[in-house]
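A.B. asks: Before we start, here is the structure in question, set down as structure tokens.
The values are calculated or read from the model by the stated rules, or taken from the named source; none is laboratory data. No experiment lies behind these values; they were computed from the predicted model shown. Cβ coordinates were reconstructed from backbone atoms using ideal geometry, including for glycine residues, and neighbour counts include every protein chain displayed. Side chains included, ligands, DNA and RNA excluded: accessible areas come from the protein's heavy atoms. Shrake-Rupley method; radii C 1.70, N 1.55, O 1.52, S 1.80 Å.
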Amino acid sequence: MPTRDPALAERDPEIARLIRDEAALEARTLRLIPSENYASRAVLEASGSVLTNKYSEGYIGKRYYEGQVVIDQVEELAVSRLKQLFGAEHVNVQPYSGSPANLAAYLAFCAPGDPIMGLGLPFGGHLTHGWNVSITGRYFKSVPYGLSQKDHRIDLDEVRRLAREHKPKIIWCGTSAYPRTLDFAAFRAIADEVGAKLCADIAHIAGLVAGGAHPSPIGIADVVTTTTHKSLRGPRGAVIMCKQAFAKDIDRAVFPGLQGGPHNHTTAAIAVAAKEAMTPEFKTYATNTVANARALAEGLLARGFNLVTGGTDNHLILIDLTSRGVTGKIAAKALDRAGISTNYNAVPYDPRKPFDPSGLRIGTPAITARGMGASEMGKISAWIDEVVKAPSDDALVARIARDVEELCKGFPAPGLPM
Ligand code: DSN
């Protein structure tokens, strides 16, 4: 008698219900968190597959386990598609997520206590670029750079000055809350001047880079890391791309340096996402993501909002709410009740604390994946304005939540049950 193997709804109705609830929530709300997206049904299928059953420590053709005839082909497809998509010389698809991918760069190039540089967290950098509460700020001598006080853009003169003074082993260029294009060539010149490795973390913009809507750091940076689940629309995971000269160092740092067995179900889903990202539709998606962010920024500016740097070049907008007399947290919570999902965020030189800062971070990757365009951006900026003007007006917030739900019905999200 085969063992009975009930479906999730029967085996664990509580979890099954919660998954249904989350799908319903994702369907009826506007997800403006710039690091979130909707993975396609094909990506979700690969990610929820039997490949989760396998151990395959090692790399293609050199594993510590037998039974790898299929897994090797899966990883080979993921690697070759990413090489083609980004034009990378070497690709490692095994990092579990963005933070371990970045740690691999440290392990490859730094010894404990070495100086490293990255954009400070309060200026829109990432924890793993050396912020003090992260292992990367505790085990290395972190020298964060900031933004210009004048225009709140990356201050390359300061980057150069600090790099000359501290001679970092790694300079990170990459951001989590920065609305402008990154000048990888300018960072390259600084890194060369001081003998640093240049590491680009393109987690937020990978889909834009893949779709030609943001310049690429490939061929400029020594190492490029990215998560795969943001604008790239893959599963939760990460990849590292590097010049061939650093392939061995990076591979050794990932395995056995930091990790054991790779998550093969994720590798398969990354391969699917890379295939999707090579289509003309994805190019259009990347272009539209930026066009929507610009349209949303224009709508907000027209309604008197103050945007950090005055607008956006990418998928992301950082609103400074100071002049509106509302904190980021109050606005984000009221917007959430209105069916508009955002996150509160520090603005440059924010006098407020990180848990209730002055800013709101929004972005267009997820709503663009639903097919929304300029006309919807107009509606969304008007709703944000209404909620920010009256965050405690429950009737208004409820009315907007109904309007949001109605709008969302016309734009089914990829990957969600109809
Ligand atoms: N936590 C991610 C974000 O929301 O930007 C970055 O890793």
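A.B. asks: Just read off the accessible area of HIS90 with the full protein assembly in place, 1.4 Å probe, to the nearest 10 Å².
C.D. replies: HIS90 exposes around 30 Å² with every protein chain in place.
A.B. asks: Pop out the carbon and sulfur fraction of the accessible area of the stretch 299-344 as a percent, whole number, probe 1.4 Å.
C.D. replies: 50 percent
A.B. asks: Moving on to the next point. Apply 1/(1 + (r/R0)^6) to the Cβ-Cβ distance of SER49 and ALA189, taking R0 = 35 Å, and write down the FRET efficiency to the nearest 0.05.
C.D. replies: 0.20
A.B. asks: Here is a follow-up. Counting DSSP beta bridges in the stretch 176-327, what percent are antiparallel, to the nearest 5?
C.D. replies: 70 percent
A.B. asks: So if a site counts as exposed when it's one of the chymotrypsin sites (Phe, Trp or Tyr not before Pro), its DSSP state isn't H, G, I, E or B, and it has at most 13 other Cβ atoms within 10 Å, what's the longest stretch of the chain without one?
C.D. replies: Between exposed loop sites, the widest span is 66-348.
A.B. asks: When every alpha-carbon pair in the stretch 153-262 is counted, what percent end up more than 25 Å apart?
C.D. replies: When all Cα pairs of the stretch 153-262 are counted, 24 percent exceed 25 Å.
A.B. asks: Could I ask something else about it? Just the number please: accessible area per residue for the stretch 286-396, 1.4 Å probe, all protein chains included, in Å².
C.D. replies: About 37 Å² of surface per residue is accessible.
A.B. asks: Shifting gears a bit: Could you give the length gained by full extension between GLN73 and ILE60, i.e. 0.36 nm per residue of separation minus their alpha carbon distance, to one decimal place?
C.D. replies: Taking GLN73 through ILE60 to full extension adds about 3.9 nm, to one decimal.
A.B. asks: In terms of the ratio Rg/(2.2 N^0.38 Å) built on C-alpha atoms, what value belongs to the stretch 202-329?
C.D. replies: That works out to 1.30 for the stretch 202-329.
A.B. asks: Expressed as cubic angstrom per residue, what is the convex hull volume of the alpha carbon set of the chain?
C.D. replies: Output value, Cα hull per residue: 147 Å³.
A.B. asks: Counting DSSP beta bridges with both partners in the chain, what percentage is antiparallel, nearest 5?
C.D. replies: Percentage antiparallel, nearest 5: 60.
A.B. asks: Related question: If you take the Cα Rg of the stretch 87-142 and divide it by 2.2 N^0.38 Å, with N the number of residues, what do you get?
C.D. replies: Scaled against compact globular proteins, the figure is 1.18.
A.B. asks: Please check which bits of the stretch 46-61 a label hung off ASP12 would reach, taking the label as a point 7 Å along Cα-to-C-beta and the cut-off as backbone N under 20 Å.
C.D. replies: Hits in the stretch 46-61 for ASP12 at 20 Å: 46-55.
A.B. asks: Using a probe radius of 1.4 Å on heavy atoms only, what accessible surface per residue do you get for the stretch 76-157? Whole Å² is fine.
C.D. replies: 43 Å²
A.B. asks: At 7 Å along the Cα-to-beta-carbon direction for both SER148 and GLN84, put a label point, then send me their distance in nm to one decimal.
C.D. replies: Between SER148 and GLN84, the simple spin-label model gives 4.2 nm.
A.B. asks: Please give every one of the aspartates and glutamates within straight-line cross-link reach of LYS353, meaning a C-alpha to C-alpha distance under 15 Å, and leave out same-chain neighbours fewer than 8 residues apart.
C.D. replies: The reachable aspartates and glutamates, counting only those whose Cα sits under 15 Å from LYS353, are ASP320.
A.B. asks: If you don't mind, another one. At 37 °C and a viscosity of 0.692 mPa s, what translational diffusion coefficient does Stokes-Einstein give for the stretch 273-394, taking Rh as the Kirkwood radius over Cα pairs? Give it in µm²/s as a whole number.
C.D. replies: Approximately 222 µm²/s, per Stokes-Einstein.
A.B. asks: Please build a GNM for the chain, connecting alpha carbons under 10 Å apart, and tell me which residue among ILE270, ILE240, ILE218 fluctuates the most.
C.D. replies: Largest GNM mean-square fluctuation: ILE218.
A.B. asks: Quickly work out the ARG41-to-SER375 label distance, labels modelled 7 Å from Cα along the C-beta direction, and quote it in nm with one decimal.
C.D. replies: For the pair SER375/ARG41, the computed spacing is 2.6 nm.
A.B. asks: Continuing with the same structure: Considering the zone a paramagnetic label at ASP336 would reach in this model (a point 7 Å from Cα along the Cα-to-Cβ line), which residues of the stretch 222-250 have amide N under 17 Å from it?
C.D. replies: So the set is empty, nothing qualifies.
A.B. asks: Right, next: What's the whole-number percent of alpha carbon pairs in the stretch 7-63 lying beyond 17 angstrom?
C.D. replies: 64 percent
A.B. asks: Now, a different point. Counting only heavy atoms of the protein chains, get the accessible area per residue of the stretch 225-283 (1.4 Å probe) and round it to a whole Å² value. Please report the intermediate quantities before stating the final value.
C.D. replies: Values: 2140 Å² over 59 residues.
About 36 Å² of surface per residue is accessible.
A.B. asks: Let me ask another. Could you state the number of Å between the C-alpha centres of the stretch 1-60 and the stretch 189-234?
C.D. replies: Their Cα centres are 28 Å away from one another.
A.B. asks: Could you check how much of the accessible area of the stretch 1-151 is carbon and sulfur, as a whole percent, using a 1.4 Å probe?
C.D. replies: Carbon and sulfur together cover 56 percent of it.
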